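The values are calculated or read from the model by the stated rules, or taken from the named source; none is laboratory data. As the structure is a prediction and not an experimental result, all values here were calculated from the model. Note that each Cβ is placed from the backbone with ideal geometry, even for glycine, and that neighbours are counted across all protein chains shown. To get the accessible areas, we keep the full protein, side chains included, count just its heavy atoms, and leave off ligands, DNA and RNA. Shrake-Rupley method; radii C 1.70, N 1.55, O 1.52, S 1.80 Å.
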Amino acid sequence: RVARQIVQNWFGGMPGEPHHVIIVSEFSRQILQRFLSRGTQIHHIENPIDVGYAESLNVHLHSAYVMVGRIAQEKGPHVFAKAANKLGYEAVFIGDGDKRADIESLCPSARVTGWLSREGVLAELCKARAAVFPSLWYETDGLTAIQAAACGIPVIVSDASAARESVIDGVTGLWFKAGDEQDLADKMAALQDNDRVRRMGAAAHARYWKHPRTLDRHVKELEQTYEKVLAC
């Protein structure tokens, strides 16, 4: 990250010189725009995900709440671990990181899978009642939340991260106050209602597949943006 920042600052002329910037979420626009020069044009191109179409999952038949990603402080795994332990709910952490021991101490019943292949991640995710995205960071997009929606899994997402953009609060998932384990616990408890979690999963699935984030779509939008920039 430090090396990337040096390249952006010294060779890329960030943040004062670029005339065109590509963002992957509107949340990113809100954060970055004030650091860019007034004449900078911002282009929004969503990241693609690699998920094939399948019918929406019967999430109401599942019990696990699942987090995918690095088990690091900034990702908020401790918030999820404390909430799950308080409720006594099944918690699964797909990933690994320097805070793994802390998580296993905070929630002894949790299952930590370690790093898995893409197929392994998807297989575990498809067993979820809901996905949890507790990041304390802004993030840039939150691909896990989008991948979950594509499978018909509602997401409980931190309101401080870009992933909230992919969740319609109360419709396709729920927002919770970042870092607030009690608020997260309340939202997890709300999804114990079988009818509610099923409706949210179906709504998430329908919303995603209305405009799926395919690689073809991503490449097409990227080419269109490059053509527009080159024509300036």
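Worth pointing out:
- Top-ranked residue of segment 130-145 - restricted to ones that are open to solvent by 10 Å² or more (accessible area, probe 1.4 Å) and out of contact with any Asp or Glu (no Cβ under 8 Å at 6 or more places or on another chain), ranked as modelled with the highest pLDDT: 133
- Any hit, segment 138-150, residues being closer than 22 Å to residue 27 by Cβ and of a type in the set (Asp, Glu): yes
- Across segment 103-121, the qualifying residues are those that are open to solvent by less than 40 Å² (accessible area, probe 1.4 Å) and assigned to a loop (DSSP other than H, G, I, E, B), and the one among them that is nearest to residue 145 (Cα to Cα) is 110.
- Only residues that are in a helix (DSSP H, G or I), modelled with pLDDT of 95 or more and of a type in the set (Val, Ile, Thr) were counted in segment 202-232, giving 2.
- Filtering 178, 185 for residues that are open to solvent by less than 50 Å² (accessible area, probe 1.4 Å), within 25 Å of residue 86 (Cβ to Cβ) and assigned to a loop (DSSP other than H, G, I, E, B) leaves a single hit, 178.
- Single residue of 148, 131, 160 found to be among the hydrophobic types (A, V, I, L, M, F, W, C), part of a loop (DSSP other than H, G, I, E, B) and in contact (Cβ under 8 Å) with a residue 24 or more places away in the chain: 160
- Selection status of residue 66, modelled with pLDDT under 95, open to solvent by less than 80 Å² (accessible area, probe 1.4 Å) and assigned to a strand (DSSP E or B): no
- Verdict on residue 100 being surrounded by fewer than 23 Cβ atoms within 10 Å (Cβ to Cβ), over 21 Å from residue 186 (Cα atoms), out of contact with any Cys (no Cβ under 6 Å at 6 or more places or on another chain) and modelled with pLDDT of 95 or more: yes
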